[in-house]
1. Which of 46, 121, 61 sits closest to the plus end of the dipole of region 15-142, meaning its Cα is farthest towards the positive end, when Lys and Arg get +1 and Asp and Glu get -1 on the C-beta?
2. Taking 7 Å along the Cα-to-C-beta vector as the label spot, tell me the residue 597-residue 464 distance in nanometres, rounded to one decimal.
3. Quick one: which residues, 5+ away or cross-chain, put their amide H under 5 Å from the amide H of residue 414? H built at 1.01 Å from N.
4. Using 0.36 nm times the number of residues separating residue 628 and residue 178, minus their current alpha carbon distance, what extension gain do you get?
5. Taking 0.36 nm per intervening residue step and subtracting the Cα-Cα distance, what contour gain separates residue 507 from residue 413 on full extension?
6. Quick one: net charge around residue 332, please, counting Lys, Arg +1 and Asp, Glu -1 for every other residue with C-beta under 13 Å from its C-beta.
7. Each label point is 7 Å from the Cα along the Cα-to-Cβ direction; what then is the distance between the points at residue 160 and residue 204, in nm?
8. In the structure displayed, which of 444/586; 54/447; 34/423; 338/447; 127/423 lie more than 31 Å apart, Cα to Cα?
Amino acid sequence: MRRFWMLIGTLMLGVGLAQTPPVADLSQDARLQKPITVWLRIETLPDALKAIQKQVGVPLVCPDRFRNEKVAIFVENRPAHEVLTMLAKLFRMRWEVYEDGYRIERPSEETELEEEATRLAQEAKRKGVEAYIETARRVLAMTPEQRKQRIGAIQKELEKQQGRASEAALRSEFGHLSALESSVEETSLLFALLGIVPQAHISRLLKGEVLTYSTHPSAGVNAIPPAVGQWYETQRKAQLEKPSTEEQEWYREYLRNRKILRFSVGYRLSSVSNEILCQLGVEKEQTIQPALPRCEHRLFQTTVSLDEIVSDRSRLTREWNQWSESSESLRAWLQRLKPLPNRTPRPPDWQPFQEQRYMRNFVMPTQRLELLAWQYGLPIVADAYRLGLEVLIDTSTPLAAIQSLQNTHWMRREGDYLLVRRKRYWEWRAVEPPEAPIRELEAKFQKEGTLTIDDYARFVAALDEKPYQWLLENRVFRGFSMLAVHFPVEPLSNLPLLRFWATLTPAQRQAVLAGEFLPLRTLTLPQRKAFEHALEPLFPHPNRLLDPPSECRFTTFRWIFPVWDLEDTKAAVPAESGFGLLGAPKKLRRTALFTDSSRGTPMLIFSEDRGSDELDTAQFLEEGETLLRKENAIATVYGFRFFMAPGMEQTYEFGYFVPLKETPQNGSK
């Protein structure tokens with residue numbers, strides 16, 4: 001019997017050893033001594049290994065579970081084993097012998113470390129929210145004079161606190177104080193209510209519930225205490241009695257002629273960022289400009305500072321902080337680098353990503369690394385993401401740009417390689433869109449020069465929930481969903497529309513584009529679910545929170561094509577709930593004026609396109625200002641409406657600007 005158990009133990013030991021192959025030393029494989037050049041701006045880890053395998057002829061296996069890992073590699077004429085070893089070090093993985101080649105694997109403890117870091121980040125978020133609410137309560141209890149004095153004191157204190165842990169708390173308090181002193185009345189209402197929300201409600205908020213409040217609540221909605229309305233009227237009266245300059249008089253006129261009758265508020269905790277998301281629906285009595293709507297539907301977000309002490313307790317963060325090289329050491333090393341001779345300022349095909357609405361150029365952080373690798377011949381391996389872009393500043397040198405990346409990335413030299421990993425990469429990886437549908441749209445746009453609403457709907461349908469939510473919140477609260485892609489990004493500001501469109505049949509799509517109204521009663525269950533999400537993507541509609549619902553319609557500001565606001569107010573109310581076009585498609589023109597004083601940032605003018613450039617540019621120029629060039633772009637825009645009786649609707653638009661040939665100027669003034 002003893003020999004039997006010894007045999008079983010030996011077999012089990014053999015099984016254990018077979019499950020954990022030894023780490024392979026790639027430098028001992030003669031096939032991997034071959035020098036290779038790898039220049040990948042962003043690639044999934046499996047595809048990056050396929051590119052290297054193609055050069056060396058050695059099988060390199062990457063399990064499918066790592067398909068969401070993306071990498072940038074900028075290496076010229078280096079042994080293959082070096083590149084592969086650096087990849088494994090950066091991703092905290094290891095190479096194992098696998099048949100006639102190698103397989104990359106991640107130790108199981110890495111998953112446990114990421115789970116612990118995620119849990120502690122949630123705890124930090126919870127403490128941050130609690131501290132944020134406590135600050136709101138303290139600030140709300142102050143008198144106007146006390147708030148004014150406190151603002152001055154904080155401004156002085158912030159000058160001394162730069163970079164210290166207490167700086168975030170001071171900035172949070174300053175934000176509350178500024179909001180209550182601001183001329184933006186809606187923000188004041190949000191902060192006033194937030195300061196008196198019961199603790200039981202805060203607990204529900206932290207659990208992911210949406211909190212809703214109303215002055216005239218419908219069933220299941222919390223009543224807004226009369227004290228909030230009274231507080232607002234006191235603030236409004238003080239603003240009207242306050243001495244003002246001629247420039248401020250417009251706001252006093254605004255307050256005098258618009259009185260809040262009823263309003264509703266919604267709060268929710270973002271699932272992908274450290275923010276409390278807020279909705280405000282206001283019904284106003286208006287004594288001037290009767291053509292304008294009396295109802296306003298506004299959305300705000302307020303950033304909550306993480307409790308970094310809790311967040312940094314994770315073992316994973318501590319290990320990366322220890323791994324990362326100090327800023328001083330890297331700075332000294334960077335200053336010693338010498339640029340390569342006879343190199344162009346930028347690598348072939350290097351170009352920023354541009355969004356056409358505001359004509360801003362963005363770059364991925366790895367594009368800054370690419371410039372460093374190109375100009376200095378420095379081998380670099382980094383993780384890569386299409387999210388978290390930076391505005392391109394042409395005057396920034398590669399060395400200065402790299403120094404700025406140290407705030408958001410861990411960096412370390414390994415020999416003469418530079419390894420770079422984004423801080424909190426486990427959170428960025430969770431919201432990063434998949435690569436395959438992006439490549440599909442890029443290829444089609446490059447080939448055909450245009451994309452349809454069907455193409456964008458197919459892309460949105462391929463998104464997992466976290467990437468979708470990240471892009472949605474950026475669209476709603478920041479006005480655009482910036483993503484590093486080589487196709488127009490503006491349509492992604494209408495994700496709920498595209499998600500709904502993806503559920504429609506070809507016949508339904510064709511009917512809608514032909515002008516037919518699609519009744520809600522004809523939709524399937526999945527289509528109804530997508531319809532409801534498009535109608536109320538983050539919060540219940542303001543009219544759902546008021547009893548009785550308002551007769552006027554709540555409209556939201558159009559970030560991409562603001563002229564649709566005018567159409568929204570004129571369109572007739574549908575006879576029943578459903579979905580359809582909002583009027584006929586329109587052609588819009590965007591004119592960008594570059595002057596000798598614009599410093600590369602153009603003045604943008606939007607108008608309906610009438611087939612020719614009829615803009616009188618002289619009226620937009622200051623005296624003595626010279627027009628250097630004018631750029632026009634045209635967009636064909638489709639407006640869409642989701643309507644549910646009584647009085648609930650949400651509008652979206654689909655379209656993007658296509659630049660026309662540049663119009664040279666002759667120094668006209």
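1. Highest projection toward the positive end goes to 121.
2. Each label point is offset 7 Å from its Cα along the Cβ direction, giving 5.1 nm.
3. Sorted by chain and number, the residues that satisfy this are 419.
4. Between residue 628 and residue 178, full extension yields 158.0 nm more.
5. 28.1 nm
6. +1
7. 4.3
8. 34/423; 338/447
The values are calculated or read from the model by the stated rules, or taken from the named source; none is laboratory data. None of these values were measured; they are calculated from a predicted model. Here Cβ is always computed from backbone atoms with ideal geometry, including for glycine, and neighbour counts include all displayed protein chains. For accessibility, only protein heavy atoms count, side chains too; no ligands or nucleic acids. Shrake-Rupley method; radii C 1.70, N 1.55, O 1.52, S 1.80 Å.
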